[in-house]
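Here's the structure, in structure tokens; my notes come after.
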Amino acid sequence: MRQKRAKAYRRLLHHYVLHYQFREPYQVLIDPTFAEALVRFQVHEPLKQLGSVLHGKVKPMITQCCIAALYDAENHARNELQNSDEQQTYKQAIALAKTWERRKCNHKETQTAGACLASVIGEKNQHRYMLAADDVQVRRSLRRSVPGLPIVHYSQSVLVLEPMSDVTERHIMHMEQSKSALSIEEQRILQTPAFSPASTNANAPSQPAAPKRKRAKGPNPLSVKKSKSAGKSAGKAGGLPEGSAPSKSHAIPAGRSDTPSQSYVSSISHPTSQRRRNKKRGRGSHSTVQ
Ligand SMILES: [Zn+2]
């Protein structure tokens, strides 16, 4: 086998091993036409040849229906064709097939080789079979329907491994995509609030920051209390801006505080206006304490 072809086969086999977990010894299902070809091409060591193409140890297998097909062909050659050469070929093929492991297919009525192999391999080739077939129809139908099925056949006495089928390539691509995608469980975990990156960023800074600032305004009422005593001078001046602005620092926050809350304004205006009334009546500021 040429170096280039051997390298291509090794790479191809690597894909089957990687994506479909093929393991040595590779189970190779052999159809009647391939058994016949082994005799016709006088292959002395079929296992060695299969092993060199598939780059590993092989375990040849033949189904009950496939070996029955060889017996039928031998009978046909003897009785109807009366061709002794043909008969000898099938006899040798049967003798060879007997050395291989018999795969029980449990078909009560003997199926054609193609139908039997299709049912044994199944839709997904879950038992990791390889197929050695020379029948064009059998190869074509299984190549198109089963992903992950390596197929070997003879091409003018040269044993070749078929390139990867379209079905297999698409299947591998699909498996790769589903591997990289998140599983349902992973998606569910990510959707919970604790793991959501958006919610952690939004909740963490806003909740502690907003109340702290509100509480920071809390001490302001203390300055309002002091302004009660300072209110006398403001009252004397008769107006807030002239008397209070330069000397009393307490009056400035009180003046500012009319925007944030109404309570500040009322607490300031109440005592001052009362004091004015009290002074007019001649009473002291003591009464405001009560
Ligand atoms: Zn069968």
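Each reported figure results from applying straightforward, stated rules to the coordinates on display, with no laboratory input. Only a predicted model underlies this, so the values are computations on that prediction, with no experimental measurement involved. Note: ideal-geometry Cβ built from the backbone for every residue, glycine included; neighbour counts use all protein chains shown.
Phi angles across the range 44-53 convert, under the Karplus curve 6.51 cos²θ - 1.76 cosθ + 1.60 with θ = phi - 60°, into 3J(HN,Hα) values of 7, 10, x, 5, 5, 5, 4, x, 6, 6 Hz, Gly and Pro given as x.
Relative to its Kirkwood radius, the Cα radius of gyration of the range 1-110 gives an Rg/Rh of 1.05. Evaluating 6.51 cos²θ - 1.76 cosθ + 1.60 at θ = phi - 60° for every residue in the range 114-124, the Karplus couplings come out as x, 5, 5, 5, 4, 6, 6, 6, x, 6, 10 Hz, glycine and proline recorded as x. Please name which of ASN83, SER119, ILE67 has its Cα lying farthest along the dipole of the range 60-153 towards the positive end, using unit charges on Cβ (Lys, Arg +1; Asp, Glu -1) and the Cα centre as origin. With unit charges placed on the Cβ atoms, the residue in question is SER119. When each of the peptides 126-132, 106-112, 29-35, 186-192 is scored by how many other beta carbons lie within 10 Å of its residues on average, the order from highest to lowest is 29-35, 126-132, 106-112, 186-192.
In this structure, the pairs whose alpha-carbon distance is over 26 Å, taken from LYS57/LYS179; LYS4/LYS57; LYS4/LYS91; LYS59/LYS124; LYS98/LYS124, are LYS57/LYS179; LYS4/LYS91; LYS98/LYS124. The phi torsions of the range 147-152, fed into the Karplus equation with coefficients 6.51, -1.76 and 1.60 and a -60° offset, translate into couplings of x, x, 10, x, 10, 10 Hz, rounded to whole numbers, with Gly and Pro shown as x. From most to least packed by mean Cβ count within 10 Å, the peptides 139-149, 168-178 give 139-149, 168-178. Sorted on the mean count of surrounding Cβ atoms within 10 Å across their residues, most packed first, peptides 52-61, 70-79 read 52-61, 70-79. Check which residues have an amide H placed less than 5 Å from TRP100's amide H, if you skip close sequence neighbours. Residues meeting the amide H criterion: none.
A Cβ-based charge dipole, computed about the Cα centre of the range 18-94 with Lys and Arg at +1 and Asp and Glu at -1, lands at about 420 debye.
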